[in-house]
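> Structure in C-alpha cells, see below.
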Amino acid sequence: MRIAIDIDSTLHHYWDTLSEISLRRFGVTLPYEEQLTWGITRLRPEQLELCIEESHSDQAILASRPYPGAVEAVGAWCAAGHYVHVTSHRPAHRRVVTERWLREVGVAYDDVHCSFDKVGRCVELHIDLLIDDSPANLAGAIERGIAVATIVHPWNQEICEEEDILCAADWYELERLLRPLLGARPGALAR
C-alpha cells in the first residue's frame, strides 16, 4: 500500500511550538483546546505567516519530538513493504532539514515532499492512504477516493464525526485501527 503521512500535528505535536512563538512575538495565546477550526483568527495573516515561518526554522524542526508510537508504527509499515511518502505544507526549501529530522528521530520513509498541494501530490503518486490533521486535506483526499486517517485535534474533530475517517486519540490507537487495512502485525506497538 502507498501511504502519505503529514508531519506537523501528525508525526509530532506542533501546536505548542506555534503557540509559544505567537505568545513571544505578539503576546497572543493560542489555546489548543479552543482551536475548533482550521483557521487561526487570533493573529493577523501576516503575524501567522511569521509564526509559521519561525516554527519551520532549522532549530524548531530539529527540536520537535515525535508522538509516542509514531516512529514504531511507520517503521513497521515500511518493514512490511508499504511505500511511505512523508508530506508537509512546509516550503520546499525546508526539505533538507525535514529529512535530517526524520533521520535523527528514526522515522522510516521512502520519499519526502514539501509543498502546499498535498492532495494533488498524493494523486500524482497514487497514494492509497493519507494520514493528516487538516480537515481540508482529509476532505480533499476523500473526494479523490483516497482513504484517510488522523490523530484527533480540536480543529478536525467535526470532520471526524461527519466523514468516513479513521480517527485516533494517539499513534497507538491509529496503528491498531489501521491494522486491517495495512496488515501490520498485531502487537507491533504494545504500549
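The values are calculated or read from the model by the stated rules, or taken from the named source; none is laboratory data. Predicted model only: the values in this text are computed from it and were never measured. All Cβ positions, glycine included, derive from the backbone under ideal geometry; neighbour counts span all protein chains shown. SASA here: full protein model, heavy atoms, side chains in, ligands and nucleic acids out. Shrake-Rupley method; radii C 1.70, N 1.55, O 1.52, S 1.80 Å.
> From the helices alone, meaning DSSP H stretches of at least four residues, give me the mean residue ellipticity at 222 nm for the chain, per-run term -39500 (n - 2.57), in deg cm²/dmol to the nearest 500. Write down the numbers at each step before the final one.
On the way: 9 runs with 84 residues, N = 191.
Here the helix-only value at 222 nm equals -12500 deg cm²/dmol.
> If a cysteine in the chain has no other Cys Cβ under 4.7 Å from its own Cβ, put it on the list, ordered by number.
Cys51, Cys78, Cys114, Cys122
> In addition: Would you please state which residues of the stretch 1-40 a label at Ala80 would reach in this model, taking the label point 7 Å out along Cα→Cβ and a backbone N cut-off of under 14 Å?
Backbone N within reach: 1-4.
> Then there's this: Could you sort 139-152, 16-29 so that the peptide with the highest average Cβ count within 10 Å comes first and the rest follow in order?
Working: 139-152: 18.2, 16-29: 15.8.
For the peptides 139-152, 16-29, the packing ranking is 139-152, 16-29.
> Also: Using only the Cα atoms of the chain, build the gyration tensor, take square roots of its eigenvalues as a ≥ b ≥ c, and label the shape rounded, prolate or oblate: rounded if a/c is under 1.5, else prolate if a/b is larger than b/c, else oblate.
Prolate shape, in that a/c is at least 1.5 and a/b is the bigger ratio.
> Where nothing but the Cβ of Lys and Arg (+1) and of Asp and Glu (-1) is charged, how large is the charge dipole of the chain around its Cα centre, in debye to the nearest 20?
In total the dipole reaches around 540 debye.
> How big is the gap, in Å, between the Cα center of the stretch 29-49 and the Cα center of the stretch 61-131?
So the two Cα centres are separated by 25 Å.
> A further question follows. Expressed as a whole percentage, what fraction of the accessible surface of the chain belongs to carbon and sulfur atoms when a 1.4 Å probe is rolled over the protein heavy atoms?
Roughly 52 percent, rounded to a whole number.
> Report, in degrees rounded to the nearest 10, the 0 to 90 angle that the Cα long axis of helix 70-79 makes with the longest principal axis of the chain.
Result, in degrees: 40.
> Then there's this: Excluding Thr10 itself, what net charge comes from residues whose Cβ is under 13 Å from its Cβ, given Lys and Arg +1 and Asp and Glu -1?
Its environment carries a net charge of -3.
> Rounded to the nearest 5, what % of the DSSP beta bridges within the chain are antiparallel ones? All intermediate terms of the calculation are to be shown ahead of the outcome.
Numbers: 1 of 19 bridges.
So the antiparallel bridges amount to about 5 percent of the total.
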